[in-house]
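The structure appears right after this line, and notes come after that.
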Amino acid sequence: MSEVLLVAGTGKGLFLARSSGGRSSWSVSGPQFMMNAVYSVAIDTRGPSPRLLVGAQSQHWGPSVFHSDDLGETWHEPDHGALSFPADTDTTLTRVWQLQPGSADQPGVVWAGVEPSALFRSTDGGEHFELVRPLWDHPHRKEWTPGFGGMAIHSVLPHPTDANRVAVAMSTGGVYRTEDGGESWAASNTGIKAYFLPDQYPEFGQCVHKIARNPDRPEQFFLQNHHGVYRSDDGAATWVSIADGLPSDFGFPMVAHPHRPGVAYNFPLTADGERVPPDAKCRVYRTEDAGETWTALSDGLPDGFYGTVLRDAMCADDADPAGVYFGTRNGELYASADEGDHWHTVATHLPDVLSVRAVQVG
Amino acid sequence: MAVTVVLPGALRQYSGGEKQISVQLDGEGDLTQLLDAVADVHPALVRRLRDEQGELRRYVNVYVDGEDVRMAGGIGARVPAGAEVLVLPSVAGG
């Protein structure tokens with residue numbers, strides 16, 4: 001097993017954990033970006049060396065995007081900033097919720113989903129971003145509304161081999177897709193329920209919490225909704241419920257296995273009005289048959305647990321077998337080196353964990 | 001006469017380590033003109049004081065000769081020649 005880097009954004013800075021021992025022991029460093037809430041982290045492995053990207057938000061000094069080409073030893077940002085709204089939008093950036101490297105055949109492309117809901121695209125590896133105007137100008141935009149966490153595009157999923165096809169998800173608003181490289185966008189929420197609206201199956205307006213897909217089966221998506229867990233087998237065009245095997249259909253993260261199609265992970269919470277795990281048991285749920293059945297993964301995870309796992313605080317690495325990771329609002333980082341069968345703590349007593357990503361680096 | 005901008009410790013990494021910046025304005029100006037002049041030299045500093053639409057960030061307090069600019073025209077507050085402009089983070093966060 002080569003070395004694995006686990007990057008964890010928290011409410012008060014960024015922590016890095018490295019393991020060269022089969023992902024069973026970790027060396028944790030940090031925090032960097034002290035007192036910045038790091039809602040988005042990314043590890044871009046398409047270049048000659050991994051590039052780390054961080055979306056940090058200081059309550060006093062505003063949001064910024066930084067990058068590092070030496071695994072977090074030094075960080076850089078352009079003098080004039082990497083990402084801001086154009087003057088004519090009369091809009092200011094609140095937060096960068098998602099940083100996502102683009103398709104493999106576009107090595108410089110990085111996407112950013114931000115609050116207020118907008119999509120930005122970089123062609124220089126995340127050093128400068130431009131607003132994706134067709135989505136900003138979409139006629140639905142004036143009807144997108146903020147949920148409790150704000151109004152943001154929090155998920156960006158470029159197709160692994162077709163750069164023209166990108167899916168995004170926002171709260172609230174739902175899923176939107178482009179099939180022409182971002183020139184046009186269409187709502188794509190057929191089958192997803194919005195129980196909090198008079199029309200419970202609207203064209204758009206759903207409060208989608210996270211979407212994910214396996215790069216080896218790119219037409220298949222998994223979705224954690226604000227109540228509801230769904231799968232699409234047609235490129236996010238239509239969705240069917242896969243919540244029956246779960247103890248609850250509420251939660252935030254959804255992670256697709258990096259190379260086993262049909263395998264996905266989530267972290268159920270009891271309900272919108274009871275945001276703790278069912279029976280106060282910290283459990284990751286895994287499906288190996290695309291949501292037909294789910295298994296509670298408990299080995300190494302505590303009972304008597306009243307924390308939550310936020311939408312970007314769960315991830316998988318790119319190793320085989322895959323490592324799976326999650327962080328809690330209680331400030332704990334957990335890792336599994338065997339696809340979720342067994343878990344151990346990487347760190348405890350951190351600030352609230354907002355985002356995690358992991359990758360092999362050696 | 002130059003205007004002196006006094007910075008909190010958290011921002012000195014964006015001013016080349018300087019606690020104070022001296023800015024030469026052409027006669028009396030306003031806070032926007034002052035920040036424009038500072039941004040010519042220290043753009044990463046000024047991005048932390050005002051957003052991309054030119055407004056002071058919510059938790060940034062600026063005092064011109066001891067007067068809170070939010071009570072004196074905000075980003076358009078008058079900055080006399082020779083003034084001391086003090087930047088402070090407001091009490092915020094948890």
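Summary of computed values
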quantity	calculated
Segment A:Asp318-A:Ser241, extension gain: residue separation times 0.36 nm, minus the distance between their alpha carbons	25.0 nm
Length gained when the stretch A:Phe148-A:Ser184 is fully extended (0.36 nm per residue, less Cα-Cα span)	10.1 nm
Mean separation of Cα contacts under 8 Å, 6 or more apart, over the residue count of chain B: relative contact order %	37
Computed FRET value (nearest 0.05) for A:Asp162 with A:Tyr195, which takes r as the C-beta separation and R₀ as 30 Å	0.35
Residues A:His67, A:His76, A:His349, A:His227 arranged by fewest to most Cβ contacts within 10 Å	A:His349, A:His76, A:His227, A:His67
Cα-projected label distance for A:Asp216 with A:Ser2, points at 7 Å along beta-carbon direction, nm	1.8
Cα shape, the stretch A:63-136, gyration tensor, a/c 1.5 rule	oblate
Mean residue ellipticity (222 nm) of chain B, computed from DSSP H runs ≥ 4 via -39,500 (n - 2.57), nearest 500	-4500 deg cm²/dmol
Amide H within-cut-off set for A:Ala271, under 5 Å, with H built and near neighbours excluded	A:Val276
The stretch A:141-201 versus the stretch A:250-277: alpha-carbon centroid distance in Å	18
Computed E for A:Ala296/A:Asp233 - FRET, C-beta separation, R0 35 angstrom, nearest 0.05	0.90
Cα gyration tensor category, rounded, prolate or oblate, for the stretch A:4-360 with a/c compared to 1.5	rounded
Sequence of A:Glu77, A:Glu339 once ranked by neighbouring C-beta atoms within 10 Å, starting from the fewest	A:Glu77, A:Glu339
Shape call, the stretch A:82-224: gyration tensor on alpha carbons, a/c limit 1.5	oblate
Distant-in-sequence amide H partners of A:Thr238 (H built 1.01 Å from N, under 5 Å)	A:Asp233
Relative contact order [Cα under 8 Å, 6+ residues apart], chain A, whole percent	13
Pair A:Arg133, A:Ser27: separation of 7 Å Cα→Cβ label points (nm)	4.9
Exposure proxy order (Cβ contacts within 10 Å, fewest to most) of A:Ser25, B:Ser15	A:Ser25, B:Ser15
Top of A:Leu333, A:Leu301, A:Leu310 by mean-square fluctuation, Gaussian network on chain A, Cα under 10 Å	A:Leu301
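Readers should treat all values here as calculations from the given coordinates under stated rules, not as data from a laboratory. Just so it is clear, the structure is predicted and the values come from calculations on it, not from any experiment. Quick reminder, even Gly has a Cβ in these numbers, built from the backbone with ideal geometry, and neighbours come from all protein chains shown.
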